[in-house]
Every structure is written in structure tokens, then in C-alpha cells.
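J.: Sharing a structure below in C-alpha cells format, with a few things to ask.
The values are calculated or read from the model by the stated rules, or taken from the named source; none is laboratory data. Just so we're clear, the structure is a prediction, and the values are computed from it rather than from any experiment. We place every Cβ from the backbone using ideal geometry, glycine too, and count neighbours over all the protein chains shown.
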């Protein structure tokens, strides 16, 4: 003896499942932002380049580089000393230490600037740097 079930009970179950999950699906769709909106802004190529590419910078004796928070600096050639703030030094992530005021920066070490509070480098000789992030040179 075969028991036959019509298609309508399956339809009812399907509708109940959809009705039960609809609020969460709708909420997930609502959280996806439109490209270019305030929640998902578009960025320019220059901004991406500034944040992701190292620039080669040449400094001359007496010039000072002041970097913003998050900037990364590698001294490739020459001699430069650290400029720090009252809140601390330059993070030398290669050596795992803080570089203090006036210390000569080791070549090929990655330095990270933790805050935009005037930290940077002073060139003692002609210096070639690789810099990623925002900075300015004071002559």
C-alpha cells in the first residue's frame, strides 16, 4: 500500500522556511553597502599608491623628514639620526626596539612611525630612503 502525499504540504513547508529566514536574509542584504557610499567609499589610485608603494627619497645634510602615523621608513644609504617625541621613539621593527633621540638609524631596518607627533629623521650626510605613507621634508 502506497501513501501518496500531495505537493501542497511540501509547498507549505517551503513557505514556512522562507518566512522564518526572510528577516535574517533581508538584514544581511541591507548591510551590504553600495560602492561609493559613505560605508564603502571609492578611493583614488594616488591614495592606494601612497599607502602601498615605497617611494625613493633623497635627503641632504640638515634636512628633516617628519612622518605621519603609520608611515614606514627604510634608510638605504647614508647617515641619519632619529627625531622622537615625548611619547617615545621610532619603532625599529627589524631589531625589535625603540630608536631614541639622536641615535643613528641602522641601514636597511624598517622603521614605523606610531603617531603624527613630529617623529622622523635628520640627515647627517646625503641619505637615500624608502618611504611609504605621508611625510614632509623640512629644509
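J.: Before we move on, is residue 49 in the same structural domain as residue 109 (by TED's automatic domain parsing), free of Cβ contacts under 8 Å to residues at least 40 places away in the same chain and over 16 Å from residue 116 (Cα atoms)?
T.: yes
J.: Still on this structure, I have one more. Can you name the number of the only condition in (1) farther than 17 Å from residue 135 by Cα; (2) within 22 Å of the chain's Cα centre (by Cα); (3) touching a residue at least 24 places away in the same chain (Cβ under 8 Å) that residue 93 fails?
T.: (3)
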